[in-house]
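Peer 1: Before I ask anything, here is the structure I am working with.
The values are calculated or read from the model by the stated rules, or taken from the named source; none is laboratory data. Here the structure is a predicted model, which means the values were calculated and not measured. Here Cβ is always computed from backbone atoms with ideal geometry, including for glycine, and neighbour counts include all displayed protein chains.
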Number of protein chains: 2
Amino acid sequence: MEKTEVLIIGGSAAGLATANSVFARWPEKRIQIIRNVEYTVIPCGIPYIYGFLDSVKKNQLGDQGFLSKGMSINQKHLADVDRSRKIAFFEDGEQIEYDKLILALGSTPKVPPIEGIGLANVFAIKKDPVYLQTIYEALNFEGVKDVVIIGGGFIGVEMAEQVKMRGDYHVSIVEALPHCLMLNCEEFAAIKAEKELETLGINLINSTMVQSISGDNQVESVILSDGRSIRADMVLLGIGSSPNIGIAEKIGLEADPNLGIKVDEFMRTSDPSIYACGDCCTKFSAIDGKPSDVRLASVAALEGIIAGSNLFSPDRKNQGVVGSFCTKVGSLSIASTGYTEKQCQEKGIEYYTGSMAAPDRHPGSLPDCTPDMEMKLIFEKGSNRAIGGHVAGGVQAGDMVNIIALAIHNRLTAEQIVATQYATHPLLTGSPLVYHVLWAAEKAILNSK
Amino acid sequence: MEKTEVLIIGGSAAGLATANSVFARWPEKRIQIIRNVEYTVIPCGIPYIYGFLDSVKKNQLGDQGFLSKGMSINQKHLADVDRSRKIAFFEDGEQIEYDKLILALGSTPKVPPIEGIGLANVFAIKKDPVYLQTIYEALNFEGVKDVVIIGGGFIGVEMAEQVKMRGDYHVSIVEALPHCLMLNCEEFAAIKAEKELETLGINLINSTMVQSISGDNQVESVILSDGRSIRADMVLLGIGSSPNIGIAEKIGLEADPNLGIKVDEFMRTSDPSIYACGDCCTKFSAIDGKPSDVRLASVAALEGIIAGSNLFSPDRKNQGVVGSFCTKVGSLSIASTGYTEKQCQEKGIEYYTGSMAAPDRHPGSLPDCTPDMEMKLIFEKGSNRAIGGHVAGGVQAGDMVNIIALAIHNRLTAEQIVATQYATHPLLTGSPLVYHVLWAAEKAILNSK
């Protein structure tokens, strides 16, 4: 029987980050990565397969960096684990004995139990290149013109934008909330994003649910909760995902169908030889310590690093997630970290905010200026610590919000954000007289008085 | 005699930030801003007058935002101050009685005492629109083809790039150090910047001093320390600046010719009714508390905010500077904060570093990708706190380095930088498997073991 010291089940962000992390610390350990797909797709890059990249293959995350370190990567399906003997059984009959087993099993897109969901040309967004190729080919089929996307979260919005850019499609997004992206973003950012979508010619149907899908073998229309029917040659689902816990439950690890395989701060499951990380495992908020269902590649990669560091001795604790996220819609970049105002209200947190809208170059007539880049910061009353940061504007949005992510993780206050001397430059940032991070925090301080 | 509650001498970043800060807290106070120039130029935008903007006027910082708040802005030259009676005297004979006086006097470009420095077409970079217009017109003069820039700091480099972009000039930079930008940047960034300059066709003369300037009335050549002579129809000086302390000394405030007007943590001079901020006043390092000569608009604006907040009651302390700075050379954006390795060595600080070079989009074939964006982080041994951050790559460099600026100011460690969940996205950042901030810190941790 094959033996390996580190057996990683899952070849996406969490699994690969674990592999990197183990290798960096213990390069002599034998590392085997098992994935259930032919090759690894860059998970966040999936929407761009259908537009900018125009290819499933171009969104591949190559194996070379891992193979060159002596790791092996194979396609197999995990069938069972004998925890007492520390043996993993695969569907092809192979058995691998492990010292440490890492479950990086990912998640599965949610599929609503509505009528017609099983019709042809109804797709979820699975991280499987073969499945993604099927969507690609279906989109290229001549008869496919009307594409309806159910769910206006970031995957839905990104898919809508890329499909629309691809060619002459009629693209609609059906979103249950009053605006797209509202689970992650402040309303000001969501509204700006919707303007971009509308400029691209995408049809937004907000505050609306999907009742059913109809058609004869293949989808023909989507029936909305208000009774309307809209034409659809293809339906794409973007309504979230559920952690893959099947195998973990089967082998008796603690797991929750909504929250995932239970892990401690060292990313250990209830079996000390088995770790879990990424979409498949439980998470907690870095702000209030409560369970979180934030599933992002950035979270998965960070958890992989932590799991990898801890495999052979507990070294570092997971500090939780703040939900940092960014995307681009048309010419608008959006980024969020921590809570939105709405989330604060739902959680009963007393807070104050400060906003700064200003050009992100100075003077604003310089090239590549976004004239009204806007940042809103949210601070907890009393402690004054940062608990939310939201940006909409130029392409530096992601890194700009990461300043606030660091602040939230380290419980920094508005005063500490203001007291920092930031780099500014005409071609790269707003003027120091309006620099977004500094002034949004300063305005929050003024608002709190 | 006119009376005002807040009299600000200086209409650039420090003065205007003070005005904004006072107004935000005490909108009822009368605020008068006096400047010695016709209008305020955006200080960091000056190089772009000669290229992207092609106009001095387009680099104006407008008064409207200040006038609309009821402030007055006038052009005058401060001649004297009667501190006991709290009266400022101006060269035009006007006197203004003040409650609080803010000296935001700026700095003056250094002019080396070499032969020929007084020849026509030898210019420093003064923040005076009339003077800047003279340079603009001199550049447009048909006979001006060879432009020699003395000093390869960021002003020199930016001027070189913009003059070269302007048209058919032969541009040379003479720099005393082995590379341009070495006072602020790590060598890897400086070398990348030099490649951009060379691609633009700029002639780099490093490790070389200027001996003298020669010509008959107007500059004709520059004589280098190695004896070479290079043609020059124009010489631009970019070798740093000295704080404007003249008036402060005259009226008996404590001041140092190199470090500036002495201020305490509340930005108060030795006279409790007089504050100073910006290039003209003393500064200290947020890392070790020692005197600093970092003079940047971002520092000036921050000090203005602090001074303004403290005018009528001590509210917040200046936390010092970390020298955060960014610029763009050709297609390369560069940003730095805190110390360089060289500075650590000079200061006898024991440190370790971590670097990450990776595409800033994922996959790297996506639009606007900088394939080898590089970040280096420097941590102090023992405390493990961040003391330096350096980036060269895409346009998000400034905001990316500001993550580290916040970390340095708040003494965060490499572990705290790694433990943060950052936003990543294919179109905006590197992959979470290589995200620069996270992985440079992680690599530093690994290097330290």
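Peer 1: Return the pairs, sorted by first residue and then second, in which the second residue is at pLDDT below 95 and of a type outside the set (A, V, I, L, M, F, W, C), the first residue lies in the range B:228-242 and is on the phi > 0 side of the Ramachandran plot, the beta carbons are less than 9 Å apart, and the residues are 6+ apart or on different chains.
Peer 2: Cβ pairs passing all conditions: B:GLY240/B:ASP293.
Peer 1: Right, another one. Could you tell me which of the residues A:SER21, A:SER55, A:SER68 is more than 10 Å from every other protein chain (Cβ to nearest Cβ) and out of contact with any Cys (no Cβ under 6 Å at 6 or more places or on another chain)?
Peer 2: A:SER68
Peer 1: Is it the case, given these coordinates, that A:ALA414 is more than 10 Å from chain B (Cβ to nearest Cβ) and either within 20 Å of B:PHE52 (Cβ to Cβ) or small (Gly, Ala, Ser) (or both)?
Peer 2: yes
Peer 1: Go over the candidates B:MET182, B:MET165 one by one and state the one that is within 25 Å of B:LEU296 (Cβ to Cβ) and under 20 Å from the mean Cα position of the chain (by Cα).
Peer 2: Every option except B:MET182 fails the conditions.
Peer 1: Do you know which of the residues in the range B:297-314 that are facing chain A (nearest Cβ under 10 Å) and among the polar types (S, T, N, Q) is surrounded by the most Cβ atoms within 10 Å (Cβ to Cβ)?
Peer 2: B:SER298
Peer 1: Test A:ILE173 against the stated conditions and say whether it is within 30 Å of A:SER292 (Cα to Cα), out of contact with any Ser or Thr (no Cβ under 9 Å at 6 or more places or on another chain), free of Cβ contacts under 8 Å to residues at least 40 places away in the same chain and in a strand (DSSP E or B). Walk me through it before giving the result.
Peer 2: Values: within 30 Å of A:SER292 (Cα to Cα): yes; out of contact with any Ser or Thr (no Cβ under 9 Å at 6 or more places or on another chain): yes; free of Cβ contacts under 8 Å to residues at least 40 places away in the same chain: yes; in a strand (DSSP E or B): yes.
Judged against the criteria, A:ILE173 is a match.
Peer 1: Here is a check on your reading of the model: is B:PRO432 within 16 Å of A:ALA13 (Cβ to Cβ) and either in contact with a helix residue (DSSP H, G or I) (Cβ under 9 Å, 6 or more places away or on another chain) or at pLDDT 95 or above (or both)? Break it down into steps so the answer makes sense when it comes.
Peer 2: Values: within 16 Å of A:ALA13 (Cβ to Cβ): yes; either in contact with a helix residue (DSSP H, G or I) (Cβ under 9 Å, 6 or more places away or on another chain) or at pLDDT 95 or above (or both): yes.
Yes.
Peer 1: Tell me the residue from B:SER221, B:SER214 that is at pLDDT 95 or above and touching a Lys or Arg at 6+ places or on another chain (Cβ under 6 Å), please. Talk me through it step by step, then tell me what you get.
Peer 2: On the way: B:SER214 fails: touching a Lys or Arg at 6+ places or on another chain (Cβ under 6 Å).
Just a single option satisfies the conditions, and that option is B:SER221.
Peer 1: If you don't mind, there's one more thing I want to ask. Which pairs have Cβ atoms under 6 Å, sit 6 or more apart or on different chains, and link a residue in the range B:194-212 that is without any contact (Cβ under 8 Å) to a residue 24 or more places away in the chain to one that is hydrophobic (A, V, I, L, M, F, W, C)?
Peer 2: Pairs found: B:GLU194/B:CYS180; B:GLU194/B:LEU204.
Peer 1: From B:PRO426, B:PRO371, B:PRO367, which residue is away from chain A (no Cβ under 11 Å) and not charged (D, E, K, R)?
Peer 2: B:PRO371
Peer 1: Here is a follow-up. Just checking, which of B:ASP99, B:ASP80 is more than 11 Å from chain A (Cβ to nearest Cβ), of a type outside the set (Val, Ile, Thr), under 28 Å from A:LEU446 (Cα atoms) and not in a loop (DSSP other than H, G, I, E, B)?
Peer 2: Criteria check complete, one pass: B:ASP99.
Peer 1: Among (1) touching a strand residue (DSSP E or B) at 6+ places or on another chain (Cβ under 7 Å); (2) of a type outside the set (S, T, N, Q); (3) buried (at least 24 other Cβ atoms within 10 Å of the Cβ), where does B:LEU406 come up short?
Peer 2: All conditions are met except number (1).
Peer 1: Any idea which residue in the range B:115-144 is nearest to B:MET209 (Cα to Cα), counting only those that are of a type in the set (Phe, Trp, Tyr) and not in a helix (DSSP H, G or I)?
Peer 2: Out of the qualifying residues, it is B:PHE123.
Peer 1: Next question. In the range A:439-449, which residues are more than 7 Å from chain B (Cβ to nearest Cβ), at pLDDT 95 or above and either closer than 12 Å to B:LEU302 by Cβ or out of contact with any Leu (no Cβ under 9 Å at 6 or more places or on another chain) (or both)?
Peer 2: Result: A:TRP439, A:ALA441, A:ILE445, A:ASN447, A:SER448.
Peer 1: Right, another one. State which residue is nearest to B:PHE312 (Cα to Cα) when the search covers only the range B:24-42 and only residues that are in contact with a strand residue (DSSP E or B) (Cβ under 7 Å, 6 or more places away or on another chain) and within 14 Å of chain A (Cβ to nearest Cβ).
Peer 2: That would be B:ILE33.
Peer 1: Now, a different point. Do you know which of the residues in the range A:315-337 that are closer than 30 Å to A:TRP26 by Cβ and in contact with a strand residue (DSSP E or B) (Cβ under 7 Å, 6 or more places away or on another chain) is farthest from the other protein chains (Cβ to nearest Cβ)? Give the derivation first.
Peer 2: Pass one, the range A:315-337, residues closer than 30 Å to A:TRP26 by Cβ: A:315-322, A:324.
Subset that is in contact with a strand residue (DSSP E or B) (Cβ under 7 Å, 6 or more places away or on another chain): A:320-322, A:324.
Details: A:GLY320: 8, A:VAL321: 5, A:VAL322: 5, A:SER324: 4 Å.
Top of the filtered list is A:GLY320.
Peer 1: Residues A:ILE96, A:ILE87, A:ILE102: which one is within 26 Å of the chain's Cα centre (by Cα) and of a type in the set (Val, Ile, Thr)?
Peer 2: One residue alone meets the criteria, A:ILE102.
Peer 1: Kindly list, by first and then second residue, each pair from a residue in the range A:419-438 that is among the aromatic types (Phe, Trp, Tyr) to a residue that is buried (at least 24 other Cβ atoms within 10 Å of the Cβ) and not in a loop (DSSP other than H, G, I, E, B), limited to pairs with Cβ atoms under 7 Å and residues at least 6 apart or on different chains.
Peer 2: Taking only residues 6 or more apart or on different chains, the pairs are A:TYR422/A:VAL437; A:TYR422/A:LEU438; A:TYR422/B:SER298; A:TYR422/B:ASN402; A:TYR422/B:ALA405.
Peer 1: Quick one: how many residues across the range A:398-433 are outside any loop (DSSP other than H, G, I, E, B) and either touching a Cys at 6+ places or on another chain (Cβ under 6 Å) or charged (D, E, K, R) (or both)?
Peer 2: Total satisfying the criteria: 3.
Peer 1: In the range B:43-52, how many are more than 8 Å from every other protein chain (Cβ to nearest Cβ) and not in a helix (DSSP H, G or I)?
Peer 2: 1
Peer 1: Out of the range A:395-415, which residues are within 20 Å of the chain's Cα centre (by Cα) and either modelled with pLDDT under 95 or not aliphatic (A, V, I, L, M) (or both)?
Peer 2: Matches in the range A:395-415: A:GLN396, A:GLY398, A:ASP399, A:ASN402, A:HIS409.
Peer 1: Here's something else I'd like to know. State all residues of the range A:338-364 that are away from chain B (no Cβ under 14 Å), surrounded by fewer than 18 Cβ atoms within 10 Å (Cβ to Cβ) and assigned to a loop (DSSP other than H, G, I, E, B); if no residue qualifies, say none.
Peer 2: A:GLY348, A:GLU350 - these are the residues of the range A:338-364 that are away from chain B (no Cβ under 14 Å), surrounded by fewer than 18 Cβ atoms within 10 Å (Cβ to Cβ) and assigned to a loop (DSSP other than H, G, I, E, B).
Peer 1: Does the range B:383-399 contain any residue that is without any contact (Cβ under 8 Å) to a residue 60 or more places away in the chain, acidic (Asp, Glu) and buried (at least 24 other Cβ atoms within 10 Å of the Cβ)?
Peer 2: Checked the range B:383-399: at least one residue is without any contact (Cβ under 8 Å) to a residue 60 or more places away in the chain, acidic (Asp, Glu) and buried (at least 24 other Cβ atoms within 10 Å of the Cβ).
Peer 1: Can we say A:ASN402 is touching a Phe, Trp or Tyr at 6+ places or on another chain (Cβ under 7 Å) and either of a type in the set (Ser, Thr, Tyr) or within 7 Å of chain B (Cβ to nearest Cβ) (or both)?
Peer 2: Yes; evaluated as a whole, the condition is true for this residue.
Peer 1: Which one of the conditions (1) surrounded by 24 or more Cβ atoms within 10 Å (Cβ to Cβ); (2) of a type in the set (D, E, K, R); (3) under 18 Å from A:SER55 (Cβ atoms) does A:GLU137 fail to meet, given that it meets all the rest?
Peer 2: Just one mismatch for A:GLU137, condition (1).
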